[in-house]
Amino acid sequence: MIREQKIIVFSDRWFGKYLWLIWVIMFFVGYYFVLFAPWDDPNMKYRTFTQQLPMRTTVGLIRFLELICIFYLTYFLFRYQYVKYEYFLRVICWIVIVSFVFGFVDYTVTKGAIRLFLMPQHYVLDRFTGLSVEPRSVGQVYGFTILLIIALGLKEKKIKLLYIVTIIFAATGIALSFSSTAIGYLLIVLFLYFLVGRVKIKYAIMAILLIGIGFFYMIRNPDFVEHQEYRIAQVALENYASQIPGVPFWINSFEVFDRTALAFLYLHPGNIPLGVGPNTVNIPANKYLSDYDVEVYKGQIDTAPAVGVVNILSSSGAVGLMIYFFAVFNLLRFALRNNNYYLIDLLFLFLAYFLLNFNPVYFMIMGIVCGNIYRIENEKLEENVVNSNTRA
């Protein structure tokens, strides 16, 4: 990739250059707190070496470099048509189908034996996880697949049976996973998609019918009802017992990793402009754990915020967040200029999901969008040059 294009550090690809800018902000801010103003961390002696501030900053920067490389690699593959989105979508569909079939057999017949063989010490053998580690992860993968098919597959004149089967299997898998977050995030994104009028009426009706049938089936499933009642009661208890004093109620409505990060930023507004560095906010935010959370997490948290907006805000601040949204806006502008509506839909769907959940898959999607836009623009430019030469 470096030989055929150029060193990716200097590549000016709309979205990529802004990722580098965010990385630079995190680099200087992160090492400022490492070298000049380290956080007071009473739990430092209990943290592993990689979870202490210096190594956590370094690892966080390396992980963001990985995301940048994911973007550039995907961009390169789609820009030069080493992979076409039709082939990419077919492969994803077959992965989901195989995963669902093996997972369903294991869930209903072998009762977890396949997963236990492939993944010893698997901890949720009583729930459907496909061939994944946990219900939430398989729900997210299947949700991403449905969004990909909506953006790319349903734009074709003739809808392939493969796409329909995959959507049915994926939707069934999400329902069987009983994952509240996977179900909730997907429904929120689809609702926003319908709300902005980016879907044909016939597909909207099909989706509503599918969701309605699925909902009717699930509320008649005693295991699903029991699990959701337990989760609702558990969340209600956590929300009641883990309130952080002195912050608005909406902050306390988030999960612990986002809740403590937002509480820290709210009570320390001076850190809002540039954040605190790459995924290190858990260290200063640790002091805002409630007594309940201290008991649950053994006195410390080591996980970065899960919500996309909170993750970027805590890592690179309001400046990084504005840079990020400007990058997305710039990309949307190029897509609109070329009337690439399938890329616009792809961008919208995964941006909405990303704002809810920070996931590396999003950077791959941005690579697909950028690669295809750049390829189309180049083809138009070459066509204009040929036409000019012909007229001359």
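The values are calculated or read from the model by the stated rules, or taken from the named source; none is laboratory data. It should be emphasised that the depicted structure is a prediction, and the values quoted were computed from it without experimental measurement. Positions of Cβ are generated from backbone atoms using ideal geometry, with glycine treated the same way; all protein chains shown enter the neighbour counts. Only protein heavy atoms, including side chains, enter the accessible area calculation; ligands, DNA and RNA are left aside. Shrake-Rupley method; radii C 1.70, N 1.55, O 1.52, S 1.80 Å.
For the range 86-93, the criterion of a residue being surrounded by 22 or more Cβ atoms within 10 Å (Cβ to Cβ) and more than 30 Å from L35 (Cβ to Cβ) is satisfied by at least one position. Taking residues in the range 171-183 that are touching a residue at least 40 places away in the same chain (Cβ under 8 Å) and aromatic (F, W, Y), and partners anywhere that are buried (at least 21 other Cβ atoms within 10 Å of the Cβ) and part of a loop (DSSP other than H, G, I, E, B), the pairs with Cβ atoms closer than 9 Å and at least 6 places apart or on different chains are F178/F128.
Residue by residue, here is whether (1) free of Cβ contacts under 8 Å to residues at least 60 places away in the same chain; (2) under 19 Å from I62 (Cα atoms); (3) buried (at least 23 other Cβ atoms within 10 Å of the Cβ); (4) in contact with a strand residue (DSSP E or B) (Cβ under 7 Å, 6 or more places away or on another chain) holds:
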| site | (1), (2), (3), (4) |
| --- | --- |
| P278 | no, yes, yes, no |
| V281 | yes, yes, yes, no |
| Y292 | yes, no, no, no |
| K298 | yes, no, no, no |
| D302 | no, yes, no, no |
| P305 | yes, yes, yes, no |
| V309 | yes, no, no, no |
| I312 | no, yes, yes, no |
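Here R115, R136, R127 are screened, and the one residue that is among the basic types (K, R) and buried (at least 22 other Cβ atoms within 10 Å of the Cβ) is R115.
Check the range 344-358 and report whether any residue there is within 20 Å of L67 (Cα to Cα), in contact (Cβ under 8 Å) with a residue 12 or more places away in the chain and not in a helix (DSSP H, G or I). Working first, answer last.
Step one: of the range 344-358, the residues within 20 Å of L67 (Cα to Cα) are 346-358.
Next cut, in contact (Cβ under 8 Å) with a residue 12 or more places away in the chain only: 346-358.
Now drop any that are not not in a helix (DSSP H, G or I), which leaves 357-358.
Scanning the range 344-358 turns up at least one residue that is within 20 Å of L67 (Cα to Cα), in contact (Cβ under 8 Å) with a residue 12 or more places away in the chain and not in a helix (DSSP H, G or I).
With I211, I219, I188, I232 as the choices, which residue is open to solvent by 40 Å² or more (accessible area, probe 1.4 Å), at pLDDT below 70 and in contact with a helix residue (DSSP H, G or I) (Cβ under 9 Å, 6 or more places away or on another chain)?
From the options I211, I219, I188, I232, the qualifying one is I232.
Within the range 332-349, does at least one residue satisfy the condition of being among the small types (G, A, S), closer than 22 Å to L73 by Cα, in contact with a Lys or Arg (Cβ under 9 Å, 6 or more places away or on another chain) and open to solvent by less than 10 Å² (accessible area, probe 1.4 Å)? Show your work before the answer.
As a first pass, look at the range 332-349 and keep what is among the small types (G, A, S): 335.
Pick out the ones that are also closer than 22 Å to L73 by Cα and you get 335.
Applying the additional criterion that residues be in contact with a Lys or Arg (Cβ under 9 Å, 6 or more places away or on another chain) yields none.
No: zero hits.
From the list F64, F88, F100, which residue is more than 19 Å from G317 (Cα to Cα) and touching a helix residue (DSSP H, G or I) at 6+ places or on another chain (Cβ under 7 Å)? Sole residue among the options that is more than 19 Å from G317 (Cα to Cα) and touching a helix residue (DSSP H, G or I) at 6+ places or on another chain (Cβ under 7 Å): F100. Selection of first residues in the range 193-213 that are closer than 13 Å to I150 by Cα and of a type in the set (K, R) and of second residues that are open to solvent by 100 Å² or more (accessible area, probe 1.4 Å) and at pLDDT 75 or above, restricted to Cβ pairs under 9 Å at least 6 apart or on distinct chains, gives the following pairs, ordered by first then second residue: R198/Y341. The single residue among F78, F88, F27, F71 that is in contact (Cβ under 8 Å) with a residue 12 or more places away in the chain, of a type in the set (F, W, Y) and more than 27 Å from N378 (Cα to Cα) turns out to be F27.
If I ask for residues that are open to solvent by 40 Å² or more (accessible area, probe 1.4 Å) and assigned to a helix (DSSP H, G or I), which ones from the range 102-112 would you list? Give the derivation first.
In the first step, residues of the range 102-112 are kept if they are open to solvent by 40 Å² or more (accessible area, probe 1.4 Å); the result is 102, 104-105, 107-111.
Within the range 102-112, F102, F104, V105, Y107, T108, V109, T110 qualify.
Of all the residues that make up the range 144-165, how many are under 21 Å from the mean Cα position of the chain (by Cα) and closer than 19 Å to Y217 by Cα?
First, the residues of the range 144-165 that are under 21 Å from the mean Cα position of the chain (by Cα): 144-153.
Those left that are additionally closer than 19 Å to Y217 by Cα: none.
Within the range 144-165, residues that are under 21 Å from the mean Cα position of the chain (by Cα) and closer than 19 Å to Y217 by Cα number 0.
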